[in-house]
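Written out below as structure tokens is the structure these notes cover.
The values are calculated or read from the model by the stated rules, or taken from the named source; none is laboratory data. Note that this is a predicted model, so its numbers are computed, not measured. Please note: Cβ atoms are built from the backbone with ideal geometry, for glycine as well, and neighbour counts cover all protein chains shown.
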Amino acid sequence: MKKGLISKALAYMEICHPFPLAMILLSTLILSLIAAKMIPPIEKLAIMLLAIACSQASINSLNDYFDREIDQKVKPHKPIPSERLNAGEVLRFSFGAFLIMCVLASLFGLLSLILVVIGTIAGFLYDTKLKRTIFSWLPFILAYPVLAIWVWVILASFNPVLLWLYLIGSSLFVGIHITNTLPDLELDKETIEQVQGLVHVIGKSRAISLCRFCFLISPLLAILISPVLKYNYSILFPFISISLFLTVISFLLYRRAQNSSMLIYIYRLLSVNALLFTTGWLAAVTF
């Protein structure tokens with residue numbers, strides 16, 4: 001009985017997609033420190049992190065629900081195909097996480113609730129409609145800047161400069177989507193008639209080239225708009241330097257990548273890169 005409960009708990013953890021969940025929570029934590037310019041009240045921070053955890057868990061578990069037929073063919077080890085969870089359990093979990101998120105976000109007011117729902121619905125849009133289309137990148141651009149705006153609304157006040165994140169960060173978010181898709185590209189060929197996302201349409205080689213462009217253009221844009229924004233350059237330049245270094249390392253690794261395990265490692269490295277750059281840019285433009 002105990003062993004069965006542990007197996008079930010691990011399956012629920014798996015449908016939450018632990019690495020993306022951890023990255024979103026880390027992003028929220030760092031953004032909170034920047035917005036508050038100090039350690040925010042622990043109770044408020046805990047509620048924020050729990051709300052975002054529920055949002056991400058809801059999105060990721062719904063993704064597994066809609067991917068269950070494809071996963072049956074190419075990823076039979078996942079919770080639904082392996083029958084550790086059934087589809088109904090996953091759907092109820094996603095709905096429950098969404099409701100908890102709404103309750104927690106509403107504690108900070110109506111605007112907080114609206115923003116977190118917008119970000120979550122963008123994720124749902126990816127899961128249900130756009131993942132297998134050429135517009136699979138769009139929810140990433142829509143959702144991530146909303147997270148920063150939400151944090152500022154709660155801990156400080158809305159700052160119009162945050163809207164520049166849609167320009168500065170959009171290419172990074174497209175790049176993250178590409179590098180997240182690449183490890184599954186070969187497996188998805190078995191269901192290519194169903195999966196026609198951006199990476200599947202342009203192919204691996206062009207996807208890597210586009211990803212490289214995405215990660216190089218964001219630092220360049222940050223520098224080009226410097227006459228418009230007041231930067232703290234002592235913060236900006238170190239983060240740009242680290243980002244460019246990680247980008248070079250990542251694309252050198254792409255040349256040697258022979259299997260999906262290496263592609264997953266590169267995805268995680270570039271995810272850290274995107275986190276460092278976006279939070280560094282926000283710190284430079286708000287401090």
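State which residue is nearest to Leu185 (Cα to Cα) when the search covers only the stretch 40-99 and only residues that are β-branched (Val, Ile, Thr) and assigned to a helix (DSSP H, G or I).
It comes out as Val74.
Looking for something over 19 Å from Ile141 (Cα atoms), within 21 Å of the chain's Cα centre (by Cα) and touching a residue at least 60 places away in the same chain (Cβ under 8 Å) - is there at least one such residue anywhere in the stretch 274-285?
Yes.
Looking only at the stretch 98-154, filter to residues that are in contact with a Gly (Cβ under 8 Å, 6 or more places away or on another chain) and polar (S, T, N, Q); which one of those is surrounded by the most Cβ atoms within 10 Å (Cβ to Cβ)?
Taking the candidates together, the pick is Ser136.
Could you check the stretch 227-245 and list, in sequence order, the residues that are surrounded by 13 or more Cβ atoms within 10 Å (Cβ to Cβ) and either of a type in the set (Gly, Ala, Ser) or touching an Asp or Glu at 6+ places or on another chain (Cβ under 7 Å) (or both)?
Ser243
Which one of Ile266, Ile223 is assigned to a helix (DSSP H, G or I), in contact (Cβ under 8 Å) with a residue 40 or more places away in the chain and either of a type in the set (Asp, Glu) or more than 24 Å from Val153 (Cβ to Cβ) (or both)?
Within the list Ile266, Ile223, the selection yields Ile266.
Contact list please: Cβ distance under 9 Å, first residue in the stretch 3-18 and in contact (Cβ under 8 Å) with a residue 12 or more places away in the chain and acidic (Asp, Glu), second residue in a helix (DSSP H, G or I) and surrounded by 14 or more Cβ atoms within 10 Å (Cβ to Cβ), pairs at least six apart or on different chains.
These pairs meet every condition: Glu14/Asp64.
Report those helices (runs of 4 or more DSSP H) wholly inside the stretch 146-204 carrying at least 1 residues which are at pLDDT 85 or above and either out of contact with any Asp or Glu (no Cβ under 7 Å at 6 or more places or on another chain) or among the aromatic types (Phe, Trp, Tyr) (or both).
Result: 165-181, 198-202.
Out of the residues in the stretch 45-67 meeting the condition of being surrounded by fewer than 19 Cβ atoms within 10 Å (Cβ to Cβ) and out of contact with any Ser or Thr (no Cβ under 8 Å at 6 or more places or on another chain), tell me which one is nearest to Ile24 (Cα to Cα).
Of everything passing the filter in the stretch 45-67, Leu50 is nearest to Ile24 (Cα to Cα).
Do we have any residue at all in the stretch 135-142 that's polar (S, T, N, Q), assigned to a helix (DSSP H, G or I) and either within 21 Å of Ser271 (Cβ to Cβ) or out of contact with any Ser or Thr (no Cβ under 7 Å at 6 or more places or on another chain) (or both)?
no
Listed here are the residues, each with its yes/no results for (1) in contact with a strand residue (DSSP E or B) (Cβ under 7 Å, 6 or more places away or on another chain); (2) of a type outside the set (Lys, Arg); (3) under 21 Å from Gly169 (Cβ atoms).
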site: Pro227; (1), (2), (3): no, yes, yes
site: Lys230; (1), (2), (3): no, no, yes
site: Ile235; (1), (2), (3): no, yes, yes
site: Ile240; (1), (2), (3): no, yes, yes
site: Leu244; (1), (2), (3): no, yes, yes
site: Ser250; (1), (2), (3): no, yes, yes
site: Arg255; (1), (2), (3): no, no, no
site: Ser260; (1), (2), (3): no, yes, no
site: Leu263; (1), (2), (3): no, yes, no
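Taking the condition at pLDDT below 95 and part of a helix (DSSP H, G or I), does Ile34 pass?
Here the answer is yes, as Ile34 does meet what is asked.
Please go through the stretch 238-281 and give me each residue that is closer than 30 Å to Lys37 by Cβ and out of contact with any Phe, Trp or Tyr (no Cβ under 9 Å at 6 or more places or on another chain), ordered by number.
Matches in the stretch 238-281: Pro238, Ser241, Phe245, Leu269, Val272, Leu275.
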